[in-house]
Every structure is written in C-alpha cells, then in structure tokens.
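Contents: one structure, followed by commentary.
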Amino acid sequence: MSSVTNPTEKKRLAYERDHYNRNGQSNKAWRKTKPVKKAKARRAYRKTANDLTIVTATDDTAPTAATRKKEGMEQRRVSDWGAIGLRDFVASRQERRESTIGAKQRRKARAKQPIPPLNT
C-alpha cells in the first residue's frame with residue numbers, strides 16, 4: 001500500500017514518475033514487438049547480402065548494379081520513438097484537444113465556399 005495518502009501529492013508523483021510509450025502500441029506490446037522487428041530486419045539483410053554475394057562471386061562479369069547494391073546496402077532501421085513523461089503527454093493531448101475545437105464547423109464552412117472560376 002502506498003505511504004502517500006494526499007491525492008494531490010499522488011498526482012504530482014504520478015506526473016513525475018509515470019511515462020507514456022509513443023510507439024503506437026502499449027508498452028507491453030512494444031516490449032515484445034521490437035525484438036521481433038529487429039530480428040526480421042537482420043534476417044532480411046543477411047538474405048539480401050548472401051544473395052548478392054552469390055551473384056557477384058560466381059563470375060567476373062557480375063552485373064554492376066548488383067555490386068553497387070551490395071556495397072551500398074544497409075540494414076533497415078527499427079525506429080523507437082521513446083517514452084515521454086506523463087506530464088508532457090497530458091499537456092500535448094490537452095493542446096491537441098483545444099486546437100481541434102470547432103474544426104468540423106471550419107471544414108463545413110470551407111466546403112460551402114464557392115470555387116472561384118479559372119481564368120483561361
């Protein structure tokens with residue numbers, strides 16, 4: 001049980017300690033998905049490298065496109081956007097909510113405006 005009994009103190013501690021995962025999934029899903037994505041990227045890189053090595057090593061008249069591709073090959077990156085603090089996440093959501101107020105009315109008004117004729 002928590003030793004903090006004051007609700008405002010609990011909220012302050014939550015804002016300091018908690019974080020939000022920005023990877024589009026829950027933190028538990030990303031914890032399992034990230035290693036799988038990295039392994040797939042490694043496998044694809046190894047397969048492409050092996051295939052290009054076989055093509056370029058068999059004879060001296062290997063296609064120049066294959067040798068260039070082999071030289072400039074890189075493994076696909078698995079991007080991790082990282083976590084942000086709960087305070088920052090709540091602030092960004094609040095900002096987004098405020099910016100979208102009245103957006104539907106603005107879209108409707110813009111759709112009702114007449115299209116200007118083309119000057120040809």
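Read the figures in this text as sums done on the coordinates, not as results from a lab. These figures come from a predicted structure and were not determined experimentally. Positions of Cβ are generated from backbone atoms using ideal geometry, with glycine treated the same way; all protein chains shown enter the neighbour counts.
Things to note:
- Residue 41 being surrounded by 11 or more Cβ atoms within 10 Å (Cβ to Cβ), in a helix (DSSP H, G or I), over 23 Å from the mean Cα position of the chain (by Cα) and in contact (Cβ under 8 Å) with a residue 12 or more places away in the chain: no
- Considering the range 77-120, and only residues there that are of a type in the set (S, T, N, Q) and in a helix (DSSP H, G or I), the residue that is nearest to residue 36 (Cα to Cα) turns out to be 92.
- Residue tally, condition loosely packed, with under 10 Cβ neighbours inside 10 Å and either β-branched (Val, Ile, Thr) or within 19 Å of the chain's Cα centre (by Cα) (or both), over the range 68-99: 4
- Residue within the range 63-76 that is among the β-branched types (Val, Ile, Thr), over 26 Å from residue 31 (Cβ atoms) and in a helix (DSSP H, G or I) present: yes
- Filter result (among the aliphatic types (A, V, I, L, M), surrounded by 10 or more Cβ atoms within 10 Å (Cβ to Cβ) and farther than 21 Å from residue 91 by Cβ) within the range 1-36: 4, 29, 36
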